[in-house]
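Right, one structure below, let's go through it.
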Amino acid sequence: MLKVLSCSSTPLSYFLQPKACLELQKDGIHMHAVAGRYTKVSRNINMERLRNNYLFPEISARELEHVNKYPNAEVISLGIGDTTQPIPDLIASAMSDYARSLSTPEGYKGYGDEQGNKALRKAIAQTCYRDLAVKDTEVFVSDGSQCDISRVQMLLGSDVTIAVQDPSFPAYIDSSVIMGQAGDFQYNSGKYRNIEYMKCGPPNHFFPDLSNTLRTDIIFFCSPNNPTGHAASREQLEQLVEFAKQNGSIIVYDSAYAAYITDESPRSIYEIPGAREVAIEVSSFSKSAGFTGVRLGWTVVPEELLYSNGFPVGHDFNRIICTCFNGASNIAQAGGLACLSPEGVRAMFSVVDYYKENAQILLDTFVSLGLKTHGGVNAPYVWVHFPGKRSWDVFNEILGKTNIITVPGSGFGPGGEEFIRVTAFGHRETILEASTRLKSLFP
């Protein structure tokens, strides 16, 4: 149901003016509409199915509201997973040198290959997938893994069925809704119809019970997982690949946090025999090289991955890339090449180690408070359990009493209720201050 919340005593003539704003409510969700001359184009029904704002802009809005209410508050953000450490100098220098060369006749270059710089594709294949038989021609360089998720969705179309981990990164579900793969949102369950939610929590070691999981065309799977921080074991991924092979499904595997893996957990789905026949892998330089603002990632589509009619999936993905993308920034790709040099790899892992030390501080903090805590070892995220409490209530309590931003677990799906996610991306002094404040809140 759609209704006007408040029009006060404003004359009707005002609302007939172009661009006048009406505050509306639909199913309890506040919206704004512009009164005036409308087109005859109906709104995309799939956009109407989205139940609320995308999670992270919503958190930013609540942070802004808090700061406006308490202008002297020193807010610490342990919420949105944005990197804070400077990009290593040799990587930044490679980008600046390339940028300066564009001012010379000899150095100027325009469009590059839509699939990416050949040298960078080769470097990704050789450095990130050593001994895994990934070819440079199977690597598609992009402006980041989140963008690639949407391109993969465009590739797959609206007629496929999908499964997601619960909890999971919101982009998998939201892009599925936008594509028309999902039905209406069910408020009683917190789920969309036509999406298979694979419960991944502490009781099942953050891995779905595949014996009770319905067959779907596509399986979105992230490891190390955002938000739980769990890295799937080799045995778990072997089960996943076998499940996909038996069902004729395609796994879309997100390895954006692979650089944070400390133990023997696989860093790529292609470490598992048979995965090349059933899996696409998306990854990124964002959280390893600090490229959250630079924007650079890649997707691997193996030659062995085929549709039901035998047509190569990679051929269609190449067409998507050539149609919808002009290629990643040449400047960013110069930085990517520097990242994958021996010196660049060492520099990246130095920054990764810094964030992992932050994660250990936060992990130790919550454990000392007697709270059940997960993650923080193979990922820059700590997943904290508050039994019996709604995650948004915990978010509000921590923000109100400590001026610390976290992320409510329910924003990642119904399986995240009672949890919050805390990020280790931050300056050391900020992490230590957050630890002190949290200990005062939960003595």
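A few points about this structure:
- Extension gain, Gln126 to Lys439, is 108.1 nm, computed as 0.36 nm per intervening residue step minus the present C-alpha separation.
- Potential lengthening between Ala119 and Glu343 on full extension [0.36 nm per residue; Cα-Cα distance subtracted]: 78.9 nm
- Probe 1.4 Å, all protein chains present, accessible-area order of Ser286, Ser350, Ser42, largest first: Ser42, Ser350, Ser286
- Ordering Val67, Pro202, Val382 by the projection of their Cα atoms onto the charge dipole of the chain, which places +1 on the Cβ of Lys and Arg and -1 on the Cβ of Asp and Glu, puts Val67 at the extreme positive end.
- Kirkwood estimate for segment 282-351, i.e. one over the average of 1/r between Cα atoms, Å: 13.9 Å
- Segment 76-136: trypsin sites (Lys or Arg not before Pro) in DSSP loop, at most 12 other beta carbons within 10 Å: Lys109, Arg130
- Debye log10 I(q)/I(0) for segment 359-443, one point scatterer per Cα, at q = 0.14, 0.16, 0.20, 0.21 Å⁻¹: -0.41, -0.54, -0.88, -0.98
- Of the DSSP H helices in the chain, those that are both long (alpha-carbon extent of 30 Å or more along the helix axis) and hydrophobic (Kyte-Doolittle mean at least 0.0) are 342-368.
- Taking label positions 7 Å along the Cα-Cβ direction at both Thr262 and Asp364, the computed distance is 1.1 nm, reported to one decimal.
- Computing FRET efficiency as 1/(1 + (r/R0)^6) for Tyr354 and Ser189, where r is the C-beta to C-beta distance and R0 is 45 Å, gives about 0.65.
- Segment 212-277: trypsin sites (Lys or Arg not before Pro) falling in loop per DSSP and having at most 15 other Cβ within 10 Å: Arg215
- Dividing the summed helix terms, -39500 (n - 2.57) for each DSSP H run of n ≥ 4, by the number of residues in the chain produces a 222 nm estimate of -11500 deg cm²/dmol to the nearest 500.
- Normalised alpha carbon radius of gyration of segment 89-341 [divisor 2.2 N^0.38 Å]: 1.02
- Given charges at beta-carbon only (K, R positive; D, E negative), |dipole| of the chain in Debye: 1140 debye
- Taking 0.36 nm per residue of separation and subtracting the Cα-Cα distance, full extension of the segment from Lys401 to Val67 would add 118.9 nm.
- Where segment 89-341 is the region considered: accessible area per residue in Å², 1.4 Å probe: 41 Å²
- Exposed-loop-free span, longest in the chain, where chymotrypsin sites (Phe, Trp or Tyr not before Pro) count as exposed if DSSP calls them loop and at most 16 other C-beta atoms lie within 10 Å: 308-443
- Among the GluC sites (Glu not before Pro) within segment 235-330, those in coil by DSSP and having at most 16 neighbouring Cβ atoms inside 10 Å are Glu264, Glu303, Glu304.
- Distances between every pair of Cα atoms in the chain, grouped in 10 Å steps from 0 to the bin holding the largest one, split as 4, 19, 28, 26, 16, 5, 1, 0 percent.
- Sequence-distant lysines (8 or more away, or on other chains) whose Cα lies within less than 19 Å of Lys135: Lys118, Lys122
The values are calculated or read from the model by the stated rules, or taken from the named source; none is laboratory data. Since the model is a prediction, treat every value here as computed from it, not as a measurement. Cβ: placed from backbone, ideal geometry, glycine included. Neighbour counts: every protein chain shown. Note: areas computed on protein heavy atoms with side chains; ligands, DNA, RNA excluded. Shrake-Rupley method; radii C 1.70, N 1.55, O 1.52, S 1.80 Å.
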